[in-house]
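The values are calculated or read from the model by the stated rules, or taken from the named source; none is laboratory data. Model, not experiment: these values are computed from the prediction. Cβ atoms come from the backbone with ideal geometry, glycine included; neighbour counts cover every protein chain shown.
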């Protein structure tokens, strides 16, 4: 059974925002923790569009533009082991700013 990376990334993957801050030049930096699903590859997250949903139901689409290196270089092994990744995103909608406790899913 063959599954494309994008399909595998979408199946049941949900992250929770642990921390959110304005990026140094633009965008936002989100510290994400995997809530459910299988950890996607770091490569599949680069450039990916994600849907962020606030606890009160607001939604905002974001695009991953890179990775923050606070805790070291992101890798598939680290994401699978810890379930955490720090991403730099640009918000594509007016529903933000994305903040604490928001849920984030791949589109």
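Can you confirm whether residue 77 is part of a helix (DSSP H, G or I), surrounded by fewer than 18 Cβ atoms within 10 Å (Cβ to Cβ), free of Cβ contacts under 8 Å to residues at least 24 places away in the same chain and out of contact with any strand residue (DSSP E or B) (no Cβ under 9 Å at 6 or more places or on another chain)?
yes
With respect to the numbered conditions (1) at pLDDT below 95; (2) touching a strand residue (DSSP E or B) at 6+ places or on another chain (Cβ under 9 Å), which one is the sole condition not fulfilled by residue 62?
That leaves (1) as the condition not met.
Have a look at 71, 66, 37 and point out the one that is under 12 Å from the mean Cα position of the chain (by Cα) and without any contact (Cβ under 8 Å) to a residue 40 or more places away in the chain. Explain how you work it out, then say what you get.
Numbers: 71 fails: under 12 Å from the mean Cα position of the chain (by Cα); 37 fails: under 12 Å from the mean Cα position of the chain (by Cα).
Result: 66 is the single residue among 71, 66, 37 that is under 12 Å from the mean Cα position of the chain (by Cα) and without any contact (Cβ under 8 Å) to a residue 40 or more places away in the chain.
Among the residues of segment 41-63 satisfying the criterion of being in a loop (DSSP other than H, G, I, E, B) and under 11 Å from the mean Cα position of the chain (by Cα), which is surrounded by the fewest Cβ atoms within 10 Å (Cβ to Cβ)? Steps first, please.
Of all residues in segment 41-63, those in a loop (DSSP other than H, G, I, E, B) come to 41, 46-48, 54-58.
Filter again for under 11 Å from the mean Cα position of the chain (by Cα), leaving 46-48.
Details: 46: 13, 47: 10, 48: 18.
Within segment 41-63, the match that is surrounded by the fewest Cβ atoms within 10 Å (Cβ to Cβ) is 47.
Would you call residue 90 surrounded by fewer than 17 Cβ atoms within 10 Å (Cβ to Cβ), closer than 13 Å to residue 28 by Cα and out of contact with any helix residue (DSSP H, G or I) (no Cβ under 9 Å at 6 or more places or on another chain)?
Yes: the conditions hold for residue 90.
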